[in-house]
Structure formats: C-alpha cells, structure tokens
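Before any comments, here is the structure.
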Amino acid sequence: MTEPSPFGLLLRSLRIGQNLTLESLAAASGVSVRTIGDLERGASTSPQRRTVDALADGLGLDVAARHAFLRAARARSRRADPPEPTGTVAPHRVFDFSGREREIREALEVLEGEHEPGHGRPALIISGAPGIGKTTGAVEILARGRSAQDPTVFVGLDGFNASPLTPLQIITAMLRQLQETEQKPPTDLEAAARQWRAAVDVLPVRVLLDNAANESQVRPILSICSGDVVVVTSRRSLAGLEGVRRLRFGPLQRDESVALLRRLIPQAGDDEALDEVAGLCDDVPLALRVVGSRIASRPEWDVEDLLRRLRTTEDRLRLLVAGDLAVESAISLSYEELDPRTAALFRWVSLIDGKTFDAHLAAAAVRSTEVAEVEFRLDDLTDLGLLEARGGDRYRLHDLMRLFGLNKLRDVVGADELERRRAHIRSWLLGSLERAGAWYEPGREPHTAGRVGRGFVGAESAALWIRTEAEQWWPAYAEASELGEHETVVDVADALHWYSDVWLSWGNWHRFFSLAVSAAQSLRNPKMEATHLGYLAWAEIVETGDRDRAVLTARSALSAALRAGDATQEGWANYYVGWACWLLGRVVEAADAAEGAIRAFSLAGEKVGLENARLLTTMIMNTRGEHLAAIEELENTLARIQAEPEADGFLTLITRYAAYLDLVDAYIAVGRYDDGIRAGAIGIGIARSLNDDMRVALMMRRHIRALIEAGESEAAMAEAEEALRLLGPGSSEAFIFARFRREIAGIKAGRTTAREARHSGSESPNC
C-alpha cells in the first residue's frame, strides 16, 4: 500500500480543516478530483508548481501558510540521505520512452549475443548529435537486457566541459560504486585494474560511460573492463577505438516522434497536428520533450496554440550550432514565456560549468540571498523541461540548454560583467570551501572564515558540502591558481588541511597542495612555504605513496622553516621526514628526525605536534623490538591526552586512534593478547566516532590478529566477516580480511581434527 507523502498529509489536513470535500476543493482550485485524491494518498508525489499554486488558491491560504505549503510540495524530491558522488548518479529510465526499437535490438545483439572465442565482449559506442537521446537510449538498452538485474556502474565523463575526467578519475569513480565504503583510491591504472577485476569477479556489473570526449579518455577503461558489458556515449564516433561496435543515433522516425508526443501531451488531438509539431522539431528527442513539457505545463493550451508559437519561433535567432536549430526553436518557445526573474536565473546558471548544482550555488550566480525563492524558480524551469533534476536537491543544464542560456546572457550583458560574475561565483565557491574546512581546523571560527560564501550549521553538513561540490570548487581552486590569486589559494589550503585527513579517498590532495606550495613560493613567505610543503609531504606519504619524494619535500619544508625561524613548522617538517623514513625502513634517520620534531614542538609549545612526534618514537621502538618501552610510552601518552579538556575533540581523537593502533601491535608482540583485544576495541570505537571506515578497517586488522592469538577464533571470524561487509569486494583491504578468514578456518579445522583424533583414540579397543 502506498504511504501518503508529507505533502499529501498536509493537503488532506488543510482540506478537512476547512470542511472541504474533494469535489468542492476541485471546484475552487480547478484541479481535478482524481489529482487531489492521488496526491493525498501518495499515488502522486510530484505535483507541478502550478498545481500547487492552484490548490493554495483553492484553500485560501495566507502568505505564511502558502509558503509552508509550497515548501512541503518541494520536499517531494529531496532525500534525507547524502547524495551519491556527483557524476555517478545515473539518469532514471524514462516511463514514456518511445521508438529506437531497431537500435535497441542491434545493441542487445552486441551486448548479449555470441562473440568470437578468445576475444572479449566488445564495448558498444553510441554516438550522435547533442539532444538526440544517446543517454536515455543507453539506459533503456541496459534495462531491457537479460542482465538487467545486475548493478549498473554509471559515470558522467564531462567530455565537453572545461575539466573532463581523466581515466584514473573515471575508474576511481567506478570502484567507489562497488565499495560499500570509501577506500584509498588507486594511485595508477595498474592498481585500479587489479581492484576492478577483484570486484567484478565476485559481482558482475554493467558499465555506462556517458559523454566521452575522445578515444584517449576511454581506451584505458575499455582495456580494464575487457569482457564486461560496457556502453559508451559520445557526440563523436570514437573511430580510433579498436575491438568495439558502433551504433549511431539519428533523429527519430516520424511515427516514433508522434508516439512520444502523444505520451507527453495526453490531451493532444489528431495525429496530423502532432506530425507537424514533430516536423518543426526535426524529430530530435530533446526538442520534442521541451515542447511536450511546455504544453503539459499550460493545460489551457492545445496543440494548435503550440503550433502557432513554433511557427513564429522557427525563424528566430540562430544561436546554436548548425543542426540544432529545431532544438533552439523548442527552447525559445519555453524561454520566452518565462517571467523576467526566472529568465534571468536561467541565463545566469548557464555560467555554471555544465555540472550539477544546487539552489545555493544558483543563488550565488544571480547574487541573491533568497535561496528558497531560487529553489522555486529552479523547479519551474524543471517543470518546463529547461532544467534536469539529478537526485536530491541537485540540478543540471543539458549542454544545449547551457549554450542557449550563454548566448542569451551575452545578448543582455557585456563581457566585463560576465567576467565579474564568473569571479563572484569562483569567490563564493572558495569562500564556502574555506568556511566548511574551518569546522575541522583548530583555532578557526567557522562562521567568520572566508570572505564570501555560505555558512554551515555543523561539521557534518560542512563535510557533505565539501564532497558534493568538489566538482565545482576544485576547478575554481585551480583557476584561482592560474589567475595568480595566491593568498586565496593558500588560505583555502590551510582551511582544508585538517579535513584532508578525514577524506583520504578524494585522490587529488597531492595536486591540491602542490598548487598551494606554488602560491606560497610566489608570495615569498618562507613560513607559508614550509607549511604547505609539509602538507604536500603528507600527501606523498598517505595518498601517492611516494615516500622517497616525501623525504625530499619534507626536507625542503625544514629548510624553509629554518629560514622563517618558525619552531612549529620546523617540528612538522622533522615529523614528516621521520614518518617517511620509518616507512622506508630507514630507522636511524627516522629516530633522528623524531627527536628533532620533539625538540622543536617543545620549544614552540605545540601540544598536538608534540604528541604526534612522541607517537612516532613509539613506532620506531616497536620496529626495533623495544615493545615494553613502547607500551610504557604509549600508555603515558594516552593518559596525558585523556586528561586534556579537549579529549574528545577531532584532533585529539585522531592522535588517540594512532596511539591505540601502535599499542595493539606492542601488546601482541609481548603476548598481552587480552590487553590487545581491549585496546583494539577502543580504537575501533574511536574510528567509528570519526565516521572513518578506513580507520575502522585498519584497527580491525590489529584487533582480529589479537583475537586469533588469544584463541578467540569465533569472535575473530565474526569480525573478519563484518570487515568484509564494510569494505566491499573491490577494496584492496578486503584481501587481507579474506586471508584472515582462511587462516581462522584453518585453525578451526585443525582443532576439529585434533578433537576427532582424541575421540577416536578414546574408543579404540586398546583402551
């Protein structure tokens, strides 16, 4: 049974509260009895804006009540759960799909038919002009296949935007969709290939790569996914790819166009009028959908009204590239009916670089503080087919819509104003980023950080924004670097430094901090240079795994810190040198650097750095076999930390976690397994409080080892199974836990064999 939506419950409550029947409200509003009933029952959850306005009029709502009513209606499409990473939310299969039967049959023959022995299944390349329905067709093809029950991995490649995805970014996005939690991303395509094969050998998937730029963007992916069901869409035929099959989408057949229009415009009359509409749209699906949405949003129109307007717009401004004139006419038809403020919003959001966006960014584009009003206008544009809803509260402009909007924008504002507005959007994004990062930076006030931008109610909402809007702020940050906005670059990097330790899986931290180092060097500030070289060394240790390079980078940081006379940065530079050397097995160098870090941090009075340097010394002690000394030092460190007023603060929790990680190792080394089990359980709890599944998995490795050594095989097996569920099959860490599982099974089997031998002996005739 369908559950009523919050809007449906509100509508019913308001209607009954005013003693209105369905019929009387229908008469007062002009909305049909059936529509009202469907909304109240939850059978319909997507009322158009004009339907909601009409119901508000029929209910006689005042300004405040109307606002609440409209907000409830808008909530229909909003999700409480965090959105998927942008660029990986696949378009929905459209309920009114029409035509393409020949193309679908050919595609399924490629994807599911017999292929040459010894050759992998060929990928399918779907090409065609913008707006021709490539993506919609690809989704439909996969939905009709025999393997439709298999999960589909979708990645939008941004092929014709300013920053198309690289092959490594593509495969990383694909892997994340197969993993139940975020894992450390692959650092190269070879590692990515290993992770991918491990994942799909367990769970077969289909891959849809949308809007490819060229052959070089997808060739490595096709190699990695050899044998998998892969569909690629592109404006180009990608003729340079070998071992693939191609399918070109052209305009729909006329009867297919008429059938689509019939579905979009149920109130349409005879097919002759629809045939003329289809002809004026050149049978291009996007144009057909735009005009269909236009008349559906104007119930008072009939097809003849539509035709009159199409005939007059057909010869208007030729703004788009050759071959897209029908689409231009269709867009113009809807655009010219917009009220001035909604039309201005449509024009200004065309400056957003073809990626998804939310109402906050749209409001920044129009320099408005009325986010709720902007949301309503975005919904109007969605209802008219000028904007695409892409999950949660995010929207996307089709490339052709964006081009149309940009041309309209250039008609009303000059080049100087366009650049000023682009600069404002960039400044807003980076200011918002600085404010978000400030929630994780010690000593920063989140509400005042950043020159301009949105605010956040807490660290969780700030983190969600950082991850969701990375596709917007990352190009803006790179652009600020190119434009020489050095102070902005280093300020933003400072604000994001601490959050980077939480979002280890992003995969761009090395490039991010490299830009900050260049900015600091341009500013000729040695303290700033030391700071950002330290951040870069961290990225080389943690993200890229280039520890030799990290030693060189950290020593450059040390040199800059000494020139600046800054003891704190001297301490951090020594710390990174020591950490990298320890990972390389250069224990003597690591110990010397750790001692240097302790001296510098003590001089500076830097508590967080000092405790981290002391932890580095215990890591070195464990490596040298000095486990008892390491245990004593770690226990003292934890006692000091837990006595601090900020014992549960973000930075302190990270330090405590690291201490417990080393402590479990030391306890196991000296045979104190019960203490190791206890310390591991505490460490897992700390990692979970940080919402960091990577840290949870890392601590679980230690904890399981302690359980095995203590003879707690059942508990160890249960935790290994939990870790595998947490990580997902595509994670490199999953192999470790699978190995644990085999080891535990072997231990249990050995014990069973021993018991059987003893049992057999007790029943022998010789007893």
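Just to verify a number: FRET efficiency for GLU644 and LEU603, C-beta to C-beta distance, R0 = 25 Å, to 0.05?
On the way: r = 20 Å, r/R0 = 0.81.
The calculated FRET efficiency here is 0.80.
Which order do peptides 205-218, 280-293 fall in by mean Cβ count within 10 Å, highest first?
Top of the packing list down: 280-293, 205-218.
Could you tally the net charge around ASP271, taking each other residue with its Cβ under 11 Å from the Cβ of ASP271, Lys/Arg +1 and Asp/Glu -1?
Working: positive: ARG254, ARG262; negative: ASP255, ASP270, GLU272, ASP275, GLU276.
Cβ neighbours under 11 Å give a net charge of -3.
Can you bin the stretch 473-512 into rounded, prolate or oblate? Criterion: square roots of the alpha carbon gyration tensor eigenvalues sorted a ≥ b ≥ c, rounded for a/c under 1.5, prolate for a/b above b/c, oblate for the rest.
Oblate shape, in that a/c is at least 1.5 and b/c is the bigger or equal ratio.
Please report the spacing between the Cα centers of the stretch 514-553 and the stretch 655-713 in Å, no decimals.
Each part's Cα centre sits 31 Å from the other's.
Determine the sum of side-chain charges near THR618: Lys and Arg each +1, Asp and Glu each -1, restricted to other residues whose C-beta is under 15 angstrom from that of THR618.
With Lys, Arg at +1 and Asp, Glu at -1, the net is -3.
Please work out the FRET efficiency for the pair ASP411 and GLU106, using the Cβ-Cβ distance as r and a Förster radius of 35 Å; give the result to the nearest 0.05.
Working: r = 42 Å, r/R0 = 1.21.
In this case the efficiency is close to 0.25.
Report, ordered by chain and residue number, the aspartates and glutamates lying within cross-link reach of LYS134, taken as a straight Cα distance under 17 Å and ignoring same-chain residues fewer than 8 apart.
Here the aspartates and glutamates satisfying the reach criterion relative to LYS134 are ASP96, GLU101, GLU103, GLU106, ASP158, ASP210, GLU256, ASP282, ASP283, ASP324, GLU388, ASP399.
Please say if the stretch 525-618 is rounded, prolate or oblate, where rounded means a/c under 1.5 for a ≥ b ≥ c the square roots of the C-alpha gyration tensor eigenvalues, and otherwise the choice is prolate for a/b larger than b/c and oblate otherwise?
Judged from the Cα gyration tensor, the stretch 525-618 comes out oblate (a/c at least 1.5, b/c at or above a/b).
Roughly how many Å is it from the Cα centre of the stretch 339-389 to that of the stretch 450-489, as a whole number?
20 Å
Around ARG396, what is the net charge, scoring Lys/Arg as +1 and Asp/Glu as -1 over all other residues with Cβ under 13 Å from its Cβ? Please list the in-between numbers first.
On the way: positive: LYS355, ARG390, ARG394, ARG402; negative: ASP158, ASP210, ASP353, ASP358, GLU388, ASP393, ASP399, GLU471.
Neighbourhood net charge equals -4.
So which aspartates and glutamates can LYS527 reach, going by Cα to Cα under 14 Å and dropping same-chain residues fewer than 8 places off?
LYS527 reaches GLU487, ASP491, ASP494, ASP566, GLU570.
Using a ≥ b ≥ c from the Cα gyration tensor of the stretch 138-179 (square roots of the eigenvalues), is it rounded, prolate or oblate, where a/c under 1.5 gives rounded and otherwise the larger of a/b and b/c decides, a/b for prolate?
Details: a/c = 4.33, a/b = 1.64, b/c = 2.64.
Oblate.
Please work out how much length the chain gains when fully extended from LYS527 to VAL371, using 0.36 nm per residue of separation minus the C-alpha to C-alpha distance, in nm with one decimal. Mind showing how you got there, number by number?
Numbers: separation 156, 0.36 × 156 = 56.16 nm, distance 4.01 nm.
Once the chain is fully extended between LYS527 and VAL371, it gains 52.2 nm.
All of the numbers you see were taken from the coordinates with simple rules; none came from a lab. Quick caveat, the model's predicted, so the values are computed rather than measured. Here Cβ is always computed from backbone atoms with ideal geometry, including for glycine, and neighbour counts include all displayed protein chains.
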